[in-house]
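Trainee: Have a look at the structure that comes next, please.
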Amino acid sequence: MNLHITKESDDKKKRHVNKMLYEYNLQHFPEDLRGRYKEINLYLTDEDDNVRGGLLGEVCWNWLEIHILMIDEDLRKHGYGSKLMQEAENVAIENKCDFIKVDTLSFQALDFYKKHGYEVYGVLDQVGRDHEHYFLRKVL
């Protein structure tokens, strides 16, 4: 067999590798958690339907993972991030998730997540040389 490594952007190959991992993981999770995957996209929009922020994540197995939470700078400190977090928590509860996980950099929103009941379970130092990368979760 002659195998080689290629470097390319190919959605079909990417889906195939993701499917390989998914099928492998299925062998190690209980039956009731199988097939539990759903994108969660919450958007903060104005009266003209312009996106001013949002929360992007997914329900996977028995947790909700927040990948992105972003609010336009002029709207920060007005409670919109908290409202998005509360809606994400509602989604997690509706989907019978055991916890929510999120990560953030030291110059981003660590205190915000802690204020909402998230606890740090891991830290990577020297991210971008000068920062820390925090991994947090909130048990529901």
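The values are calculated or read from the model by the stated rules, or taken from the named source; none is laboratory data. Just so you know, these numbers come straight off a predicted model, no measurement behind them. All Cβ positions, glycine included, derive from the backbone under ideal geometry; neighbour counts span all protein chains shown. Please note that ligands, DNA and RNA were not included when accessible areas were found on the heavy atoms of the full protein model with its side chains. Shrake-Rupley method; radii C 1.70, N 1.55, O 1.52, S 1.80 Å.
Trainee: Convert each backbone phi in the range 55-67 into a coupling constant with the Karplus relation 6.51 cos²θ - 1.76 cosθ + 1.60 (shift: θ = phi - 60°), then list the ³J(HN,Hα) values in order as whole Hz, x for Gly and Pro.
Mentor: In residue order, the calculated couplings are 10, 10, x, 7, 8, 9, 6, 10, 9, 10, 10, 8, 8 Hz.
Trainee: Okay, next question. Provide the per residue accessible area, probe 1.4 Å, for the chain, rounded to a whole number of square angstrom.
Mentor: For the chain, the solvent-accessible area averages 74 Å² per residue.
Trainee: Could you give me D for the chain, from Stokes-Einstein at 4 °C and 1.567 mPa s, where the hydrodynamic radius is the Kirkwood radius over C-alpha pairs? Units µm² s⁻¹, please.
Mentor: The Stokes-Einstein estimate is 75 µm²/s.
Trainee: Looking at the chain, what % of its DSSP beta bridges pair antiparallel, to the nearest 5?
Mentor: Roughly 90 percent of the DSSP beta bridges within the chain come out antiparallel.
Trainee: Using the Karplus equation 6.51 cos²θ - 1.76 cosθ + 1.60 (θ = phi - 60°), what ³J(HN,Hα) coupling, rounded to whole Hz, does each residue of the range 68-73 give in order, writing x for Gly and Pro?
Mentor: Once rounded to whole Hz, the list reads 9, 10, 9, 10, 3, 4.
Trainee: Calculate how steeply helix 11-26 sits against the longest principal axis of the alpha-carbon atoms of the chain, using the helix alpha-carbon long axis, and give the answer as 0 to 90 degrees to the nearest 10.
Mentor: Between helix and principal axis, roughly 90 degrees.
Trainee: If packing is taken as the average count of other Cβ atoms within 10 Å, what order do 106-114, 29-37 fall into, highest mean first?
Mentor: 106-114, 29-37
Trainee: What percent do you get for the relative contact order of the chain when only Cα pairs under 8 Å and 6+ apart count?
Mentor: Across the chain, relative contact order equals 16 percent.
Trainee: Right, another one. If the cut-off is 22 Å between C-alpha atoms, which lysines fall inside it for Lys115, apart from same-chain ones fewer than 8 positions away?
Mentor: Counting by Cα, and skipping residues close in sequence, Lys115 has these lysines nearby: Lys77, Lys83, Lys101, Lys138.
Trainee: In whole percent, how big is the carbon plus sulfur part of the accessible area of the chain, probe 1.4 Å, protein atoms only?
Mentor: Carbon and sulfur atoms account for 50 percent of the accessible area of the chain.
Trainee: Still on this structure: Can you compute 3J(HN,Hα) from phi for each residue in the range 79-85, using the Karplus curve 6.51 cos²θ - 1.76 cosθ + 1.60 with θ = phi - 60°, rounded to whole Hz and x for Gly and Pro?
Mentor: x, 5, x, 5, 5, 5, 5
Trainee: Also, I was wondering about something else. Given Cβ point charges of +1 (Lys, Arg) and -1 (Asp, Glu) and nothing else, what value in debye, to the nearest 20, does the dipole of the range 1-116 about its Cα centre take?
Mentor: Dipole about the Cα centre, nearest 20: 540 debye.
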